[in-house]
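Peer 1: Got a structure here, written out as structure tokens. Questions coming.
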Amino acid sequence: MTTSTVLRLTLLTAALTASSALAQTKQIIGVSIPSADHGWTAGVVYHANQAKAQLQKLYPTAQIIVKTAKDANEQANQIQDLYTINKITALVILPQESAPLTRPIANLKAKGVFITVVDRGLSDPKAQNAYVAGDNNGFGRVAGDYISAQLGAAGGNVVVLRGITSVVDNQRNAAFQAAIKKNANVKLLDSRYGNWNRDDAFKVMQDYLTRFPKIDAVWAADDDMAVGVLRAIQQAGRKDIKIVLGGAGMKEMVKRLIDGDPLIKANVTYPPSMIAEAMRLTVESRVKGTPLAASTIIPSVLITKANASKYYFPNSPF
């Protein structure tokens, strides 16, 4: 047996031993997510708790601790407590905001905590080990392509309601704008933050309706914001708007689509259940000692009346 063969066998044995040792070690996984402050995050909280119960049954050596936070400051404090008090070995986190959470997360990674970031990417990707998200570029592109195609050669005026300042929102907005620019007759009138919130979106849409006498389509890049947009349109009695496109597949919006709402003709998927997928991947990796892909992207799909029944979940909180 050659020296190189012996070396390879030694390294393989060491890797298998380390993997076996990790599988026998108690893995404490912290899960940090935003509070259920709107429909999508309510879905995140629901799926996180469902996944916790299922994964702890499946993997007895795993302990999962789920924490919710109302803002970035509370979340930063919580993840520090998860490390100092609960002694977590891994963290699955959906950041409230990208920039304020990047350094606190990077600090935990530097101390040896395995980091899986979900949905809202960090300002510095080196602060994470793995990233699990919906296809934010695809989310914006699918929405932009749909609106552009629906307005057709005649084109029209479009207004946009963005989410909150984050990598996610930047990706969605950039992809949407790139898509509608393919139709030279589509004009973007304005793009403002609605904070993924019904009431904030209602106020933004009221302002749009006051300032712009003709609007053909609204991209409210979230279904909760779309609810506020629809309320503003209804109160104003406006008849010029042909399309209100939200996103994420909220059951209320999918039901409107199925029922033939004249303004809700499509939706774009962005499932809150991605938190459960991130938890599953992380727990399996930590318990089994197997590597986790640096990036896992869940595609965005256009929902129309033809396929809406596949995406309608009446018992879900979202």
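The values are calculated or read from the model by the stated rules, or taken from the named source; none is laboratory data. Fair warning: this is a prediction, and the values are worked out from it, not measured in the lab. So basically every Cβ, Gly included, is an ideal-geometry build from the backbone, and we count neighbours across all protein chains shown. Heads up: the accessible areas ignore ligands, DNA and RNA and are worked out on the full protein's heavy atoms, side chains in. Shrake-Rupley method; radii C 1.70, N 1.55, O 1.52, S 1.80 Å.
Peer 1: Can you pick out the pairs among K187/K239; K109/K203; K57/K87; K57/K305 whose Cα atoms lie more than 30 Å from each other?
Peer 2: Where the Cα-Cα span goes over 30 Å, the pairs concerned are K109/K203; K57/K305.
Peer 1: If you don't mind, there's one more thing I want to ask. Quick check: the angle from helix 3-24's long axis to the longest principal axis of the chain, C-alpha only, nearest 10 degrees?
Peer 2: 70 degrees
Peer 1: Continuing with the same structure: So which chymotrypsin sites (Phe, Trp or Tyr not before Pro) in region 32-84 end up in coil per DSSP with only 13 or fewer other C-beta atoms within 10 Å?
Peer 2: none
Peer 1: Using Cα positions and a limit of under 22 Å, work out the lysines in reach of K182, with same-chain residues fewer than 8 apart set aside.
Peer 2: K214, K242, K265
Peer 1: Compute the angle between helix 136-151 and the longest alpha-carbon principal axis of the chain, please, reported from 0 to 90 degrees and rounded to the nearest 10.
Peer 2: Tilt relative to the chain: about 20 degrees.
Peer 1: Could you state the angle between the C-alpha long axis of helix 198-211 and the longest principal axis of the C-alpha atoms of the chain, as a value from 0 to 90 degrees rounded to the nearest 10?
Peer 2: Relative to the chain, helix 198-211 is tipped by roughly 40 degrees.
Peer 1: If you roll a 1.4 Å probe over the chain with all protein chains in place, what percent of the accessible area is carbon or sulfur?
Peer 2: 54 percent
Peer 1: For F313, F202, give the ranking by accessible area with the largest first, probe 1.4 Å.
Peer 2: F313, F202
Peer 1: Further question on the same structure: Which of the aspartates and glutamates could a cross-linker bridge to K67, judged by Cα under 13 Å and excluding same-chain residues fewer than eight apart?
Peer 2: The reachable aspartates and glutamates, counting only those whose Cα sits under 13 Å from K67, are D81.
Peer 1: Something else: Counting Lys and Arg as +1 and Asp and Glu as -1, each charge on the Cβ, what is the dipole of region 136-268 about the Cα centre in debye, to the nearest 20?
Peer 2: Once rounded to the nearest 20, the dipole reads 300 debye.
Peer 1: Report E277's accessible area, 1.4 Å probe, all protein chains in place, as a number in Å² to the nearest 10.
Peer 2: Estimated to the nearest 10 Å², E277 gives 60 Å².
Peer 1: Please say if region 136-268 is rounded, prolate or oblate, where rounded means a/c under 1.5 for a ≥ b ≥ c the square roots of the C-alpha gyration tensor eigenvalues, and otherwise the choice is prolate for a/b larger than b/c and oblate otherwise?
Peer 2: Note, shape of region 136-268 comes out rounded.
Peer 1: Rounded, prolate or oblate for the chain? Axes are the square roots of the Cα gyration tensor eigenvalues, ordered a ≥ b ≥ c, and the cut-off for rounded is a/c under 1.5.
Peer 2: Prolate.
Peer 1: Report, in deg cm²/dmol and to the nearest 500, the calculated mean residue ellipticity at 222 nm for the chain, where each DSSP H run with n ≥ 4 adds -39500 (n - 2.57) and the sum is divided by the residue count.
Peer 2: -15500 deg cm²/dmol
Peer 1: Can you give the net charge of the other residues whose Cβ lies under 9 Å from the Cβ of G247, counting K and R as +1 and D and E as -1?
Peer 2: My count for the surroundings of G247 gives -1.
Peer 1: Now a separate question. List every residue whose amide H lies under 5 Å from the amide H of A69, counting only residues 5 or more places away in sequence or on a different chain, with H placed 1.01 Å from N in the peptide plane.
Peer 2: Amide H neighbours of A69, under 5 Å, 5+ apart: I33, S35.
Peer 1: Kindly report the accessible area of the chain per residue (heavy atoms of protein chains, probe 1.4 Å, no ligands, DNA or RNA), in Å².
Peer 2: 45 Å²
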